[in-house]
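Peer 1: This is the structure I want to talk about, given as C-alpha cells.
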Amino acid sequence: MAELEIRNLIKDYGSFKAIKDVSFSAASGEFVVMVGPSGCGKSTLLRSIAGLETVTSGAIRINGRDITKDEPSDRGVAMVFQNYALYPHMTVRQNMGFALKIAGRPRAEIDAAVNRAAKILRIEAQLEKKPKALSGGQKQRVAIGRAITRAPDVFLFDEPLSNLDAALRSQMRIELGRLHAELGATMVYVTHDQTEAMTMASRIVVMNEGRVEQVGPPLDLYNRPVNRFVAGFLGSPRMNFIKARVAEARAGGVTLTAEGVSGSLTVALEDTPPRTGDEVMVGIRPEAFSDGEAVDGWTLDGAIAVMESLGRETLLYIDGGSLRSVDSESQEGFFAVHRTRQITARHGDPVRVGIKPGAVYLFDSRDRAIAWPDHHSHA
Ligand SMILES: Nc1ncnc2c1ncn2[C@@H]1O[C@H](COP(=O)(O)OP(=O)(O)O)[C@@H](O)[C@H]1O
Ligand SMILES: [Mg+2]
C-alpha cells in the first residue's frame with residue numbers, strides 16, 4: 001500500500017513547457033485516471049514518475065519518501081506501456097520474470113511470482129510461448145503481468161488498451177477493475193478515452209496543455225465541471241454549446257437570448273452574474289433536451305441530419321440551420337440529442353426540442369462554469 005504525491009512538477013524540453021506546475025496525489029490503493037487530449041503531457045508526467053525523464057523542478061513522493069532523483073529501478077513503481085514493450089526473443093515466462101532475475105532473486109521466487117501473476121491474468125497456458133505467437137490482448141496481459149511480478153508500490157499505465165479492438169477494450173476494462181480490487185495497489189492510469197476514465201477511476205485528473213484543469217470523482221466532474229474544457233471533454237457524445245447574450249441580469253439570475261432559438265431562458269446563478277450585454281456560453285448535455293416546445297425556455301427547431309438507432313437508445317444529430325453547436329467539429333456543428341427509446345424518423349424530418357433552465361450549464365466569457373443543471377428536476 002502506498003501513497004503517491006506529485007508536487008509542483010515542471011518539465012521543460014528546452015524552451016517547450018510540457019508540464020506546467022502539476023500537483024495531485026493518489027491515496028493508498030486508489031485508482032487515479034489521468035485524462036486529456038493527445039499532446040497534453042500525460043505520458044511525460046507518467047514517465048517522470050517512473051524515472052524515465054529527469055524533471056525540471058518539483059517533487060515526487062511515495063509514502064512521504066522523495067524519489068524525484070532515484071533510479072527507475074529503486075522507485076517501487078512499474079509501468080505498462082501502450083505498445084507492450086515485450087522482449088521478442090524471450091518467452092512469456094522470461095518476460096514476466098526478467099526484472100526479478102536482474103534484481104538477483106532466486107529462481108524459485110521468480111517462478112512463484114510469475115505463476116501467481118499468470119493465474120490472475122489467465123495466461124497460464126501461454127507461459128512458454130514467444131510474444132509473436134500471442135494476440136494483442138494476450139500481449140497486453142503479459143505486459144501487465146511483468147508489472148505485477150515486481151510487486152510495485154505504484155502501477156503506472158500509459159494508454160494500455162488503445163491498441164485493442166472495442167470488444168476487447170471493454171473486457172479489459174472490467175479485468176483491470178478486478179485486478180485493482182485483488183491487488184489493492186495504487187494505480188495511475190493514463191488514457192485519452194473518456195469512457196475509460198469515467199468507468200474505471202475512483203478519481204479523475206483532467207489535463208490540458210501541461211496543466212491540471214480539475215481533479216475529482218467521475219460524476220462530480222461530469223455534474224460540476226469547473227470550466228468549458230472539462231465540460232466538453234467528459235461525456236459522449238459531447239456537451240452541445242450555444243453562444244448566447246445576457247438580455248437581462250439581476251441578483252440571482254440572468255435571462256439569455258440566442259439567435260436561432262425562440263423564447264428566452266432564465267438561469268439561476270449562485271454568484272455575481274455577468275452583466276447585461278455580456279456574451280456567455282450555454283452547455284446542454286445530449287440527454288438534457290426536452291421533447292417539443294419549452295414554454296419556460298428555448299425552443300430549437302431543426303431537421304434530423306443523422307440518426308443512430310442503437311436498439312434500446314437513439315442518438316439524433318440535429319441540424320439547427322444557422323444555429324450551430326460551437327466546438328463540435330467532430331459532429332459538424334449538429335446538436336447531439338440522446339434518447340433512451342426507439343425513434344422512427346428519417347433524414348431531413350423536422351424536429352423540435354426544448355432547452356429548459358434546470359437542464360443547462362452556463363460558462364462566462366472566460367470559459368469558467370457559473371451554473372450547472374439542477375439534478376433533481378431533470379428535463
Ligand atoms: N523528448 C521530447 N522532446 C521534446 N518534446 C517532447 C518530448 N517528449 C514529448 N514532447 C512534447 O511534449 C508534449 C507532451 O507530450 P506527451 O506527454 O507525449 O503527451 P500525451 O501523452 O498527453 O499525448 C507534446 O507536445 C510532445 O510533442
Ligand atoms: Mg501519451
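Peer 1: Do we find a residue being under 17 Å from the mean Cα position of the chain (by Cα) and more than 16 Å from ligand 2 (Cβ to nearest atom) anywhere in the stretch 180-193?
Peer 2: Among the residues of the stretch 180-193, at least one is under 17 Å from the mean Cα position of the chain (by Cα) and more than 16 Å from ligand 2 (Cβ to nearest atom), which makes the answer yes.
Peer 1: Give the residues of the stretch 185-217 that are outside any loop (DSSP other than H, G, I, E, B), over 13 Å from LEU45 (Cα atoms) and touching a Ser or Thr at 6+ places or on another chain (Cβ under 8 Å), sorted by residue number.
Peer 2: THR186, GLN194, THR195, ALA197 - these are the residues of the stretch 185-217 that are outside any loop (DSSP other than H, G, I, E, B), over 13 Å from LEU45 (Cα atoms) and touching a Ser or Thr at 6+ places or on another chain (Cβ under 8 Å).
Here's the yes/no breakdown for (1) in the same structural domain as THR149 (by TED's automatic domain parsing); (2) hydroxyl-bearing (Ser, Thr, Tyr); (3) within 30 Å of GLY232 (Cα to Cα); (4) part of a helix (DSSP H, G or I):
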residue: PRO37; (1), (2), (3), (4): yes, no, yes, no
residue: TYR87; (1), (2), (3), (4): yes, yes, no, no
residue: ARG93; (1), (2), (3), (4): yes, no, no, yes
residue: ARG105; (1), (2), (3), (4): yes, no, no, no
residue: ALA117; (1), (2), (3), (4): yes, no, no, yes
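Peer 1: Oh, and also: Quick check on ARG61: is it of a type outside the set (Phe, Trp, Tyr), away from ligand 2 (no atom under 16 Å from the Cβ), touching a residue at least 12 places away in the same chain (Cβ under 8 Å) and surrounded by fewer than 17 Cβ atoms within 10 Å (Cβ to Cβ)?
Peer 2: In short, yes.
Peer 1: Of everything in the stretch 239-290 that's under 26 Å from the mean Cα position of the chain (by Cα) and not in a strand (DSSP E or B), which residue is surrounded by the fewest Cβ atoms within 10 Å (Cβ to Cβ)?
Peer 2: GLU287
Peer 1: Name every residue in the stretch 339-363 that is without any contact (Cβ under 8 Å) to a residue 60 or more places away in the chain and part of a helix (DSSP H, G or I), in order of residue number.
Peer 2: The one that is without any contact (Cβ under 8 Å) to a residue 60 or more places away in the chain and part of a helix (DSSP H, G or I): GLY358.
Peer 1: Look through the stretch 120-135, keep the residues that are part of a helix (DSSP H, G or I) and at pLDDT below 90, and return whichever of them is farthest from the chain's Cα centre (by Cα). Can you show your working first?
Peer 2: Taking the stretch 120-135 and keeping what is part of a helix (DSSP H, G or I), we get 120-121, 124-126, 131-133.
If we keep only those that are at pLDDT below 90 as well, we get 120-121.
Numbers: ILE120: 26, LEU121: 25 Å.
For the stretch 120-135, the residue satisfying everything is ILE120.
Peer 1: Confirm whether ALA26 is small (Gly, Ala, Ser), in contact (Cβ under 8 Å) with a residue 24 or more places away in the chain, closer than 18 Å to VAL190 by Cβ and within 16 Å of ligand 2 (Cβ to nearest atom). Let's see the steps before the verdict.
Peer 2: On the way: small (Gly, Ala, Ser): yes; in contact (Cβ under 8 Å) with a residue 24 or more places away in the chain: yes; closer than 18 Å to VAL190 by Cβ: yes; within 16 Å of ligand 2 (Cβ to nearest atom): no.
Spelling it out, it is not the case that ALA26 is small (Gly, Ala, Ser), in contact (Cβ under 8 Å) with a residue 24 or more places away in the chain, closer than 18 Å to VAL190 by Cβ and within 16 Å of ligand 2 (Cβ to nearest atom).
Peer 1: Assuming SER48 fulfils every condition listed in (1) on the phi > 0 side of the Ramachandran plot; (2) modelled with pLDDT of 95 or more apart from one, which condition is it?
Peer 2: Only one criterion is unmet by SER48, namely (1).
Peer 1: Does VAL55 satisfy being under 21 Å from the mean Cα position of the chain (by Cα), under 23 Å from GLU209 (Cα atoms) and either surrounded by 14 or more Cβ atoms within 10 Å (Cβ to Cβ) or basic (Lys, Arg) (or both)?
Peer 2: The answer is no for VAL55.
Peer 1: Across the stretch 319-332, which residue is surrounded by the most Cβ atoms within 10 Å (Cβ to Cβ) among those that are more than 26 Å from the chain's Cα centre (by Cα) and in contact (Cβ under 8 Å) with a residue 24 or more places away in the chain?
Peer 2: From the stretch 319-332, those more than 26 Å from the chain's Cα centre (by Cα) are 319-323; that's our starting set.
Checking the rest, the ones that are also in contact (Cβ under 8 Å) with a residue 24 or more places away in the chain come to 320-323.
Values: GLY320: 21, GLY321: 11, SER322: 6, LEU323: 19.
For the stretch 319-332, the residue satisfying everything is GLY320.
The values are calculated or read from the model by the stated rules, or taken from the named source; none is laboratory data. Model, not experiment: these values are computed from the prediction. Methodologically, a virtual Cβ is constructed for each residue, glycine included, from the backbone with ideal geometry; neighbour enumeration extends over all protein chains shown.
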